[in-house]
Amino acid sequence: MQDVLDELRSALHTVWNRRWIALAVAWVVCILGWLAVAFIPNSYESRARIYVELEDVLSEQLDISGDGKQAITKVRQTLVSAVNLERVIRSTKLGDKIATDAEMQGAVQDLTKNIVVKSEEDNLFEITATVGKSSLSDAENAALAKDVVQRLIDIFRESNIAGNRGDVAETLAFLDQQLEERKRELEAAEQRRLAFEAEHPDLIGGTGTVSGRLQTMRTEMRGIDADIAAAQSALAAINGQISSTPRSIVTAESGGARGALMQAQAQLAAMRARGLTDSHPDIQAQKRQVEALREQAAGEPAGSSGSPNPAYTSLMSIRAERQANVQALEARKAALQSDISALIAAQADEPAVAAEANRISRDYEVLKDKYDELLKNREEMRLRGQVETERSAFQFEVIDPPTAPRHPAAPNRPLLLLGVLIVGIAVGGGVAFVMGQLKSSFTTADKLEHVLDLPVIGTISRSMTDAARARETLRRKQFLAGAGGLAAVCFLLLAVEMVQVGSVA
């Protein structure tokens with residue numbers, strides 16, 4: 001530690017012995033540095049904050065709202081593009097002295113470095129512009145910074161509102177053109193299809209449609225077969241009921257042998273009910289009469305006596321209806337079988353025609369689906385354009401408008417002035433120290449002993465006369481005055497800088 005202190009003391013002694021050189025170098029460095037700082041133009045920074053509302057109830061209800069976040073990201077990335085910055089330069093004082101493309105490119109590159117667009121939140125943005133032109137005054141630079149930010153806000157608005165409407169109009173024009181082309185192609189396909197169907201009616205719709213028709217017919221045929229079986233079963237059942245149902249109903253009042261037989265049997269039953277036995281003469285006589293009438297009734301034709309049976313009549317009408325149903329189902333089955341045979345024969349006999357029918361049908365369906373899709377997209381885009389014309393889904397609001405700054409953002413002149421002073425003093429001291437090192441002299445006896453590695457017997461102090469001491473005191477005062485003057489100039493420059501900053505309008 002003592003060695004370090006000795007080295008430091010030796011260095012300070014070396015610099016002090018050449019203090020006038022150090023002071024002169026410090027003055028030169030400080031003057032040059034302060035001049036350089038004075039020529040650095042002030043840069044003024046203007047900023048603004050804007051808020052963009054992404055949600056729109058009407059657009060969401062109509063299901064035509066776009067991706068607002070994606071649109072904002074796109075604008076944020078393209079806002080500082082070369083094209084937009086060129087528009088800013090041409091509309092402000094930045095483009096007053098630009099005459100060539102090379103100058104414009106240079107101005108765009110400089111402006112790109114001095115503009116910052118950042119998002120504080122998803123829909124809150126801050127635009128910052130820094131302007132410092134040496135050819136303009138401080139007030140003009142401050143106003144120009146404000147103009148640049150305002151122009152960027154205008155471009156932001158145009159890019160999101162007017163730009164979106166322009167995109168909708170261009171998209172509508174493109175869709176109209178595509179619809180017109182698809183319409184012509186669809187009409188041509190319809191004409192080809194109609195001509196083919198007129199020539200080959202059995203192959204309407206192509207082989208795919210024919211196969212579907214065959215499948216439908218076969219399914220219907222199976223249903224008709226089931227219906228015929230059910231109808232025939234019902235007819236057989238009604239025939240069975242008719243065979244067991246008499247056509248007429250015989251009663252005692254009906255007349256004829258059967259009517260008399262029924263009356264005689266009724267009288268015989270009444271006699272037995274009174275308690276008469278079979279040995280009673282009346283019972284025996286009545287039995288003989290019943291037997292005689294039974295022989296007469298057996299020889300009488302069926303239905304010659306008695307009243308018509310209503311159940312038999314109803315069953316006959318039901319049978320007629322079911323017979324008609326069976327005949328209709330059989331006729332429908334024969335027609336379906338004929339159609340199926342004709343379609344199968346058409347497919348088998350003309351495979352090339354079937355392939356052509358399939359191709360025409362497929363082309364027509366594809367063109368029709370594409371036309372319907374384009375028509376739907378065109379109507380949705382038209383509705384979106386109307387919504388954006390009446391009310392924009394992009395709600396734009398400037399929260400903090402740009403203002404002309406009153407204080408420069410850069411450079412920090414007070415700090416630079418003090419830095420130049422410190423650098424000047426350090427350079428002056430460094431020059432004095434280096435010059436002292438170049439001369440072969442020793443400031444202390446210890447250093448001499450250390451370098452020569454020889455013992456130092458003693459040192460002789462310098463004696464000064466009163467006149468020499470007075471001159472030394474005067475020179476010390478002059479040095480202090482020179483150093484104080486350097487510091488005074490620095491503080492004077494700081495005061496001037498403060499006054500100038502406060503006077504910027």
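The values are calculated or read from the model by the stated rules, or taken from the named source; none is laboratory data. Fair warning: this is a prediction, and the values are worked out from it, not measured in the lab. Cβ: placed from backbone, ideal geometry, glycine included. Neighbour counts: every protein chain shown. Just the protein is used for accessible areas: all its heavy atoms, side chains included, with ligands, DNA and RNA removed. Shrake-Rupley method; radii C 1.70, N 1.55, O 1.52, S 1.80 Å.
Of the numbered criteria (1) of a type in the set (A, V, I, L, M, F, W, C); (2) open to solvent by less than 90 Å² (accessible area, probe 1.4 Å); (3) modelled with pLDDT of 80 or more, the one Val456 fails is (3). When each of Ala257, Ala226 is tested for being at pLDDT 85 or above, farther than 30 Å from Tyr364 by Cα, part of a helix (DSSP H, G or I) and hydrophobic (A, V, I, L, M, F, W, C), the lone residue that passes is Ala226.
Kindly establish whether Ala169 is within 43 Å of the chain's Cα centre (by Cα) and either modelled with pLDDT of 75 or more or over 28 Å from Ala331 (Cα atoms) (or both). Judged against the criteria, Ala169 is a match.
Close contacts from the stretch 257-268, counting a first residue that is closer than 11 Å to Gln289 by Cα and a second that is open to solvent by 60 Å² or more (accessible area, probe 1.4 Å) and at pLDDT 70 or above, with Cβ to Cβ under 7 Å and a gap of 6+ residues or different chains, come to Leu261/Arg294; Ala264/Gln289; Leu268/Lys287. Candidates Gly212, Gly208: the one that is modelled with pLDDT under 80, in a helix (DSSP H, G or I), open to solvent by less than 40 Å² (accessible area, probe 1.4 Å) and not aromatic (Phe, Trp, Tyr) is Gly212. The residue of the stretch 340-367 that is most open to solvent (accessible area, probe 1.4 Å), among those that are touching a Lys or Arg at 6+ places or on another chain (Cβ under 9 Å) and either modelled with pLDDT under 65 or not hydrophobic (A, V, I, L, M, F, W, C) (or both), is Asp363. Looking across the stretch 419-442, the residues that are open to solvent by 70 Å² or more (accessible area, probe 1.4 Å) and modelled with pLDDT of 85 or more come down to Ile422, Val423, Ile425. Within the set Glu185, Glu180, Glu197, the sole residue that is among the charged types (D, E, K, R), within 30 Å of Tyr371 (Cβ to Cβ), assigned to a helix (DSSP H, G or I) and modelled with pLDDT under 80 turns out to be Glu197. Within the stretch 115-147, if we keep just the residues that are open to solvent by 60 Å² or more (accessible area, probe 1.4 Å) and closer than 14 Å to Pro405 by Cβ, the residue that is modelled with the lowest pLDDT turns out to be Glu140. Under the condition of being part of a helix (DSSP H, G or I) and either within 20 Å of Tyr44 (Cα to Cα) or not hydrophobic (A, V, I, L, M, F, W, C) (or both), the residues counted in the stretch 85-142 number 25.
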